[in-house]
There are 2 protein chains.
Amino acid sequence: MLREKRGVSLSTLARTAGVGKATLSALENGLRNPTLETLYAITAQLGVPLAAVLSGPATTPTVQGATVTATLLESFTDTDASYELYRLRVRPGAEQLSPAHQAGVTEHVTVFSGMLRAGPADAPATATAGGHLRWTSDVPHVYAALGDEEVAASLLLRYPRR
Amino acid sequence: MLREKRGVSLSTLARTAGVGKATLSALENGLRNPTLETLYAITAQLGVPLAAVLSGPATTPTVQGATVTATLLESFTDTDASYELYRLRVRPGAEQLSPAHQAGVTEHVTVFSGMLRAGPADAPATATAGGHLRWTSDVPHVYAALGDEEVAASLLLRYPRR
DNA sequence: CGTTCCTGTTTCGTAAACGGAACGATCGGG
DNA sequence: CCCGATCGTTCCGTTTACGAAACAGGAACG
């Protein structure tokens, strides 16, 4: 974790960033849905751009303790599109349904471990380690972990220039 | 505004993004401090990267109705640093004190209109239209609008590679 | 062993972000 | 003209993110 790599304690960061220790603790364990204000207070104190710590598709509890989380690793822009690269983590048994997004956005998923079923809600596909899935996100789509192993994957979102 | 340029109504966007109209209305008028979850729901529906709509240093009411707001225009990375460019708006009489950030972060402010007093809390400098201010943000620093005119400025944050 | 200081988690009351519904304003069509 | 549809804002009860403080677990020291 970023804070630990900096060698700063939770208590210290909470104090210098001006947020409660309860807040910081809860955020690090993914059991809260932070406000932009607290997020900025923390990133500013760490000397890191806001985008560096954004968790993407909000952690959505579906079944008891079964969640899907996405963490933004990097975002960049080239001449005709911008991209966001997430690390995806799907707990065993977890299943998440995302509503349709604006047309033109493409999702690319590469599975590192576990078995992932994902894609358009009416025609999801399955991939295991090394596999790749791609779809356009203008229809509702799902993510689900098959089997009892946690799924690790990368998720690349491509937003065309407009 | 982005939503209007798309020609989509508040009511429609609220429905398709799955958030309340009250929420969307309040956000557009800057009177709420959104949750990451709602922010993602909206940007995803608009087909836009999260970073594209981030408001930066949270709108901080100091005196009655006197606020400082910053809106992220663009963020990018080169070989040895990443940058975030904000549009800064300081209402007449507003004054904001920001705590010290991590060492290495530099703030550049260019004033377009009005008179801005900003910089390290113990030695702020003053700039009018066309003026430029620069300081390192590892000490507490202030922003204040002098005179009775609203200050418009750009704020460039430079985060060195680590 | 106690004592002290630190870690990170948990409890709890308060403040505020949330969605649903009610509202007045504006626009077209018959 | 009035009526229906849709716009964005406001009101309100519920949910939840927030900070202060209490808490349990380790490590260092006497």
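Closest approach to the axis carrying B onto A, counted by Cβ on chain B and given in whole Å with its residue, is B:Ala51, 2. Computing the accessible area with a 1.4 Å probe over protein heavy atoms, can you report the carbon and sulfur percentage for segment A:68-160? Its accessible area is 53 percent carbon and sulfur atoms. Buried accessible surface for the B/A pair, both sides summed and rounded to the nearest 100, is 2900 Å² with a 1.4 Å probe. Listed by chain and number, the lysines placed with their C-alpha closer than 19 angstrom to that of B:Lys21 are B:Lys5; residues fewer than eight positions away on the same chain are left out. Label point of A:Gly30 (7 Å along Cα→beta-carbon): distances to the other copies' equivalent points are 3.5 nm, sorted ascending. A label point on B:Ala121, set 7 Å along the Cα-to-Cβ line, lies at 5.0 nm from each of its counterparts in the other copies, closest listed first. For segment B:10-25, putting each phi into the Karplus relation 6.51 cos²θ - 1.76 cosθ + 1.60 with θ = phi - 60° gives couplings of 4, 4, 5, 4, 4, 5, 5, 7, x, 10, x, 5, 4, 4, 4, 4 Hz, in residue order, rounded to whole numbers and with x for Gly and Pro. Whole-Hz Karplus ³J(HN,Hα) for segment A:107-120, in order, using 6.51 cos²θ - 1.76 cosθ + 1.60 and θ = phi - 60°, x for Gly and Pro? 3J(HN,Hα) across segment A:107-120, in whole Hz: 10, 10, 10, 10, 8, 9, 7, x, 10, 10, 10, 8, x, x.
In terms of accessible area, using a 1.4 Å probe and ignoring ligands and nucleic acids, A:Asp122, A:Asp138 rank largest first as A:Asp122, A:Asp138. Distances between equivalent label points of A:Glu150 across the copies, with each point positioned 7 Å along Cα→Cβ, amount to 4.8 nm, shortest listed first.
In Å², and per residue, what accessible area does segment A:68-160 have when probed at 1.4 Å with the other protein chains present?
Details: 4170 Å² over 93 residues.
For segment A:68-160, the solvent-accessible area averages 45 Å² per residue.
Accessible area per residue for segment B:2-51 is 46 Å², calculated with a 1.4 Å probe on protein heavy atoms, without ligands, DNA or RNA. Extending 7 Å from Cα along the Cβ direction at B:Ser154 and again at A:Ala121 yields two label points whose distance is 4.3 nm.
The values are calculated or read from the model by the stated rules, or taken from the named source; none is laboratory data. All of these numbers come straight from a predicted model, not from anything done at the bench. Methodologically, a virtual Cβ is constructed for each residue, glycine included, from the backbone with ideal geometry; neighbour enumeration extends over all protein chains shown. Protein only, heavy atoms only, side chains kept; ligands, DNA and RNA dropped before computing areas. Shrake-Rupley method; radii C 1.70, N 1.55, O 1.52, S 1.80 Å.
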